[in-house]
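Inspection log for the structure reproduced underneath, given as structure tokens.
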Amino acid sequence: MTSILIGWVNEELQLDPPLSEATLASELSSGFVLGALLHRHNQLPQHEKLRRRGTADGKIQNFCLLEPALCKLGVKFDANVAHGVMKGSQQAAS
């Protein structure tokens with residue numbers, strides 16, 4: 001299942017460097033991939049502010065950008081969910 005997700009994201013986003021099984025968790029935990037997907041589907045206008053880095057500041061900045069778009073889509077998203085995703089907690093991203 002992981003390889004299907006990675007293949008879809010890589011094809012959809014054309015990331016450079018592309019995602020791999022080794023980088024998937026860190027890319028998801030930073031919020032970058034989710035933000036890029038939202039932008040690709042016209043849900044995140046300020047995508048240029050997204051940072052593809054795993055620092056605490058970068059993650060917080062990314063999730064602050066994502067929060068309004070996710071809420072607008074009806075996704076339950078708050079500080080606890082963001083914290084779980086940033087930590088890589090099992091099932092937090094889903």
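Here residue 19 clears all of (1) farther than 20 Å from residue 81 by Cα; (2) open to solvent by 40 Å² or more (accessible area, probe 1.4 Å); (3) not in a helix (DSSP H, G or I) except the condition numbered (2). Pairing residues of the stretch 47-75 that are under 15 Å from residue 25 (Cα atoms) with residues that are in a loop (DSSP other than H, G, I, E, B), at Cβ distances under 9 Å and at least 6 apart in sequence or on separate chains, gives 52/15; 59/31; 59/51; 59/53.
Among the listed residues 42, 62, identify the single one that is modelled with pLDDT of 90 or more, open to solvent by 80 Å² or more (accessible area, probe 1.4 Å) and either in contact with a Lys or Arg (Cβ under 8 Å, 6 or more places away or on another chain) or part of a loop (DSSP other than H, G, I, E, B) (or both).
Values: 62 fails: open to solvent by 80 Å² or more (accessible area, probe 1.4 Å).
Within the list 42, 62, the selection yields 42.
The values are calculated or read from the model by the stated rules, or taken from the named source; none is laboratory data. Predicted, not measured: the structure shown is a model, and the values here were computed from it. Glycine gets a Cβ as well: all are built from the backbone with ideal geometry, and neighbour counts include every protein chain shown. Keep in mind that these areas ignore ligands, DNA and RNA; they rest on the heavy atoms of the full protein, side chains included. Shrake-Rupley method; radii C 1.70, N 1.55, O 1.52, S 1.80 Å.
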